[in-house]
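Below: the structure, in structure tokens.
The values are calculated or read from the model by the stated rules, or taken from the named source; none is laboratory data. Keep in mind it's a predicted model, so treat the numbers as computed, not measured. So basically every Cβ, Gly included, is an ideal-geometry build from the backbone, and we count neighbours across all protein chains shown.
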Amino acid sequence: MATAPIDTATLTTVINQCFSYAMDARVSPADQNSFLIEGKRLRGQLLNLLSAQFDNTTAQFAAATKSLTTVNTALSQSGTVLANTAQTLNNISSLIGNLDKLLAVATSFV
């Protein structure tokens, strides 16, 4: 079993992107609120993830890592986000779910 932390630097980027869209006038007020809520949820998870180690061979680790990469890539393309806000928010929710599952199988907390 190989242990590893989750990529918290990328997660921090995703959180910052959520907060940026929460203040972006091109996004509807309802979606701005959703980005704010999801950014706060991710920030809460980040605090737990910073001290956790995971078995990087598990399906949960792979799913969380893939979801994190997908969301980060999508959020960095503002045109795509603005055209597909509902899908982007669904992807963020999916990321949150994957991170919850990952935290449930942490091998240790520092």
Within the set of pairs 6+ apart or on separate chains, which have a first residue in region 1-28 that is without any contact (Cβ under 8 Å) to a residue 24 or more places away in the chain, a second that is aliphatic (A, V, I, L, M), and C-beta atoms under 8 Å apart? Phe19/Leu36; Ala22/Leu36
Working only within region 1-17, note down all residues that are closer than 25 Å to Val110 by Cβ and assigned to a helix (DSSP H, G or I). Thr8, Ala9, Thr10, Leu11, Thr12, Thr13, Val14, Ile15, Asn16
Which one of the conditions (1) more than 17 Å from Lys101 (Cα to Cα); (2) surrounded by fewer than 18 Cβ atoms within 10 Å (Cβ to Cβ); (3) hydrophobic (A, V, I, L, M, F, W, C); (4) touching a residue at least 24 places away in the same chain (Cβ under 8 Å) does Leu46 fail to meet, given that it meets all the rest? (1)
The helices (runs of 4 or more DSSP H) lying entirely within region 18-106 that contain at least 2 residues which are hydrophobic (A, V, I, L, M, F, W, C), over 26 Å from Thr3 (Cα atoms) and at pLDDT below 95 are 59-75, 78-83
Among the candidates Leu68, Leu95, which residue alone is in contact (Cβ under 8 Å) with a residue 60 or more places away in the chain and under 13 Å from Glu38 (Cα atoms)? Leu95
Can you tell me which residues in region 78-110 are within 28 Å of Thr57 (Cα to Cα) and touching a Lys or Arg at 6+ places or on another chain (Cβ under 7 Å)? Ile96
